[in-house]
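S.K.: Structure incoming, see below.
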Amino acid sequence: MIPVAFDYRRPTSVEEAVQILSEHAGEARALAGGHSLIPLMKLRLSAPGVLVDIGRLGLSGIEDGNPIRVGATTTHAELAASAALASNAPVLSEAAAQIGDPQVRHRGTIGGSLAHADPAGDLPAAVVALDAEIVITGTSGERAVRAGDFFQDLFTVDLAEDELITAVRFAPAPASAYAKLPQRASHYALVGIAAALDVSGGTCQSARIAVTGIGSHSQRVPAVEEALAGRSLDDGTIAEAAELIADGIRDVNEDIHASADYRREMAKIFARRAIAAAAARA
Ligand SMILES: Cc1cc2nc3c(=O)[nH]c(=O)nc-3n(C[C@H](O)[C@H](O)[C@H](O)COP(=O)(O)OP(=O)(O)OC[C@H]3O[C@@H](n4cnc5c(N)ncnc54)[C@H](O)[C@@H]3O)c2cc1C
C-alpha cells in the first residue's frame, strides 16, 4: 500500500531535529532505518505528517571504554560486526546478529529498535540485561533513563514527542550472552533471553536476566537472578534457575505463532542456553 502524503525534513543537528519534532508535536516522527516505521506507514497504521530524517546527525558509532557508548543510529550490522562488543558486551552483538535478515540489519538502528519497543524485539532485552542508560535529548535538554524503566508496556516507552534517543551507554559485561528462538519468517523472537553475569572465584555475585517475546515488553526476571546469585554456576544450578524464567511475567503472549504454554517451555530452554553461554565467558 501507499502511505498518506507527508513532509520530509532532513536536519543536520540534534538541536534542529528536536526543534522540528517540537514544532510539529503529535504529527512528526523521527525516521531512522525506516524498517519498522515505513511498513506501518504503508499499512496506514501510522500516518505522520512530517518525517524527520535523523540519518545525518552524526549519531552513529561505538566508543569502547567504561562506559561503552553506542550512538543511536548505529545499525544492527555494525553492532554485530563490532570486535569491541564481541569482547566486552557480547549479549548486544549476538542479539543484533540474530535480527531479521541482512537488509534489515544494514538499515535498522539501535535507537529505532529501542524507541519502537516491539514486544518481540531483540535489542530491548539486551540493553535491559546490560542495565544500560538510554540517553535522550529534547528541547529542554538531555536526560538519561535506565533501560529497565524506559520500557513500560506494549510499544510504550519513556520518550516524549519532542525527544530523540541519541545514545545508549553501559558498563562492560564480558560474561553475557543472548539466545533466542526466532519466528521462522520474520526472525522476531518467539522467546529471547539476555543474560549478564558478574562471576568471581567461581561464584555468581549477581545476574541480570531479561526476556523478550513472552511478555508485553522486555523486562528482568528477579526470580531467576536471585536463584543464580551466590551460587556456583554448574549445570544443575543453571537448569533450576531457568525453570523460573516465566515467573512474574504477566499475560504470557499467545498468538498465531505460538501458544503461551509453548513460549513458557521454550523460555526455560533458551534461558538455560543464554545463562550457560554467559557463564562460559566468565
Ligand atoms: C522483515 C523484518 C524483519 C525484522 N526482524 C526483526 C527481528 O528479528 N528482531 C528485531 O528486533 N527487529 C526486527 N525487525 C525490526 C528492525 O529491527 C527495525 O530496524 C527496528 O525495529 C527499528 O529500527 P529503525 O532504525 O528501522 O527505526 P524506524 O523504523 O526508522 O523507526 C521506528 C520508530 O522509532 C522512532 N525512532 C527511530 N529512531 C529514533 C530515535 N533515535 N529517537 C527517538 N525515536 C526514534 C521512529 O519515529 C519510529 O516511531 C524487523 C523488521 C523487518 C522489516
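S.K.: Scan segment 126-133 and give yes if some residue there is open to solvent by 20 Å² or more (accessible area, probe 1.4 Å) and more than 9 Å from the ligand (Cβ to nearest atom), otherwise no.
M.R.: Initially, segment 126-133 is screened for residues open to solvent by 20 Å² or more (accessible area, probe 1.4 Å), giving 131, 133.
Add one more test, that the residue is more than 9 Å from the ligand (Cβ to nearest atom), and what stays is 131, 133.
Yes, that holds for at least one residue.
S.K.: When you go through 245, 209 one by one, which is the residue that is more than 18 Å from residue 95 (Cα to Cα) and crowded, with 23+ Cβ neighbours inside 10 Å? Spell out how you get there, then give the answer.
M.R.: Numbers: 209 fails: more than 18 Å from residue 95 (Cα to Cα).
Sole residue among the options that is more than 18 Å from residue 95 (Cα to Cα) and crowded, with 23+ Cβ neighbours inside 10 Å: 245.
S.K.: Starting from residues that are small (Gly, Ala, Ser) and in a strand (DSSP E or B), keep the ones in segment 27-67 and report whichever is farthest from residue 81 (Cα to Cα). Let's see the steps before the verdict.
M.R.: Restricting attention to segment 27-67, the residues satisfying the condition of being small (Gly, Ala, Ser) are 28, 30, 32-34, 36, 46-47, 49, 55, 58, 60-61, 65.
Applying the additional criterion that residues be in a strand (DSSP E or B) yields 28, 30.
Details: 28: 32, 30: 25 Å.
Restricting to residues being small (Gly, Ala, Ser) and in a strand (DSSP E or B), the top hit is 28.
S.K.: Please specify each residue of segment 94-122 satisfying the condition of being near the ligand (Cβ under 6 Å from one of its atoms), surrounded by 22 or more Cβ atoms within 10 Å (Cβ to Cβ) and assigned to a helix (DSSP H, G or I).
M.R.: 111, 112, 113, 115, 122
S.K.: Still on this structure, I have one more. Just name the residue that is nearest to residue 95 (Cα to Cα) out of those in segment 123-132 that are outside any helix (DSSP H, G or I) and in contact (Cβ under 8 Å) with a residue 40 or more places away in the chain.
M.R.: If we filter segment 123-132 for residues that are outside any helix (DSSP H, G or I), which is where we start, we get 130-132.
Filter once more, so that each one left must be in contact (Cβ under 8 Å) with a residue 40 or more places away in the chain: 130-131.
Working: 130: 12, 131: 15 Å.
Applying the filter and picking the extreme gives 130.
S.K.: If you go through segment 174-191 one residue at a time, do you hit one that is surrounded by fewer than 19 Cβ atoms within 10 Å (Cβ to Cβ) and under 24 Å from residue 64 (Cα atoms)?
M.R.: Checked against the condition, which is being surrounded by fewer than 19 Cβ atoms within 10 Å (Cβ to Cβ) and under 24 Å from residue 64 (Cα atoms), segment 174-191 yields at least one hit.
S.K.: Take the conditions closer than 25 Å to residue 185 by Cβ, in contact (Cβ under 8 Å) with a residue 12 or more places away in the chain and either aliphatic (A, V, I, L, M) or part of a helix (DSSP H, G or I) (or both) and apply them to residue 256. Does it pass?
M.R.: Numbers: closer than 25 Å to residue 185 by Cβ: yes; in contact (Cβ under 8 Å) with a residue 12 or more places away in the chain: no; either aliphatic (A, V, I, L, M) or part of a helix (DSSP H, G or I) (or both): yes.
It is false that residue 256 is closer than 25 Å to residue 185 by Cβ, in contact (Cβ under 8 Å) with a residue 12 or more places away in the chain and either aliphatic (A, V, I, L, M) or part of a helix (DSSP H, G or I) (or both).
S.K.: Which of (1) touching an Asp or Glu at 6+ places or on another chain (Cβ under 9 Å); (2) closer than 25 Å to residue 223 by Cα is the odd one out, the single condition residue 135 does not satisfy?
M.R.: If we test residue 135 against (1) touching an Asp or Glu at 6+ places or on another chain (Cβ under 9 Å); (2) closer than 25 Å to residue 223 by Cα, just (2) comes out false.
The values are calculated or read from the model by the stated rules, or taken from the named source; none is laboratory data. Predicted model only: the values in this text are computed from it and were never measured. A quick note on method: Cβ atoms are made from the backbone with ideal geometry, for glycine too, and the neighbour counts reach across all protein chains shown. Side chains are part of the model used for accessible areas, which takes the heavy atoms of the whole protein and leaves out ligands, DNA and RNA. Shrake-Rupley method; radii C 1.70, N 1.55, O 1.52, S 1.80 Å.
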